[in-house]
Amino acid sequence: MGLRINDTAPDFTADSTAGKLSLHEWMGDSYAILFSHPKDFTPVCTTEFGVVAQLAGEFAKRNTKVMGVSVDTVEEHVKWKSDIETVGGAKADFPIIDDTSLAVAKLYDMLPAEAYLPDGRTANDSATVRTVFIIGPDKKIRLMLIYPMTVGRNFAEIVRALDAVQAADKFPIATPANWQVGDDVIVKTSVSLEDAKAQFGDVTVVLSYLRTAKAPK
């Protein structure tokens, strides 16, 4: 059975552009984003990693570390980083691990059902190894996103989802469709109206099971 929300993110140790890393130890008490891609020196992946480099400050503000997973070697990653930095216009200082063995891809169930991975494989052989995991400081998986090879990831959505996950970790809330930071939130149904007003101030009862309030600080 594949991984599910609230499963403990499997730990692993791998070589990376930042040396040998163990996921759980590297995370410490931070959140983490683990994201994979089919192969170095491919067009969509280069644009994606460039955006991650641009967002380094945003992730740091959110106590979140980022780790890239690739089916290529550390030596290839180091060469590729210059392309990432050219496209992104920012330093790519986050670690990219060597997963030539596909150990992590298999551990996290990132491969397509029909995966065929011969020696000399191309990006097409590992076409759907393009997955995102948001992991909490407790090492639990909070969110998973999977994209096909042809669709570049929307990292603005990944940051938005990270904000929503972190908000819900701090307060008894959920976030509605299309929520952005600063928008009203949904008070969990497990919280009484009296307690909700005490904690959030004004509460709008839209439906008996849908109550909104200004996002707590």
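The values are calculated or read from the model by the stated rules, or taken from the named source; none is laboratory data. The model shown is predicted, which means the values in this text are computed figures rather than measured ones. Methodologically, a virtual Cβ is constructed for each residue, glycine included, from the backbone with ideal geometry; neighbour enumeration extends over all protein chains shown. Side chains are part of the model used for accessible areas, which takes the heavy atoms of the whole protein and leaves out ligands, DNA and RNA. Shrake-Rupley method; radii C 1.70, N 1.55, O 1.52, S 1.80 Å.
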Exclusive hit being over 21 Å from Leu145 (Cβ atoms), open to solvent by 10 Å² or more (accessible area, probe 1.4 Å) and either among the basic types (Lys, Arg) or in contact with a strand residue (DSSP E or B) (Cβ under 7 Å, 6 or more places away or on another chain) (or both), set Asp93, Asp83, Asp98, Asp29 = Asp98
Which number in (1) buried (at least 17 other Cβ atoms within 10 Å of the Cβ); (2) over 20 Å from Pro137 (Cα atoms) marks the one condition that Phe41 misses?
-> (1)
Mind listing just one residue for me: the one in region 1-22 that is at pLDDT 95 or above and either small (Gly, Ala, Ser) or buried (at least 20 other Cβ atoms within 10 Å of the Cβ) (or both) and, of those, nearest to the chain's Cα centre (by Cα)?
-> Ala9
All positions within region 133-174 that are of a type in the set (Gly, Ala, Ser) and either open to solvent by 50 Å² or more (accessible area, probe 1.4 Å) or not in a loop (DSSP other than H, G, I, E, B) (or both) = Ala156, Ala161, Ala164, Ala167, Ala168, Ala174
Does any residue of region 9-28 turn out to be without any contact (Cβ under 8 Å) to a residue 60 or more places away in the chain and of a type in the set (Lys, Arg)?
-> yes
Condition check for Ser36: open to solvent by less than 20 Å² (accessible area, probe 1.4 Å) and at pLDDT below 95 | yes
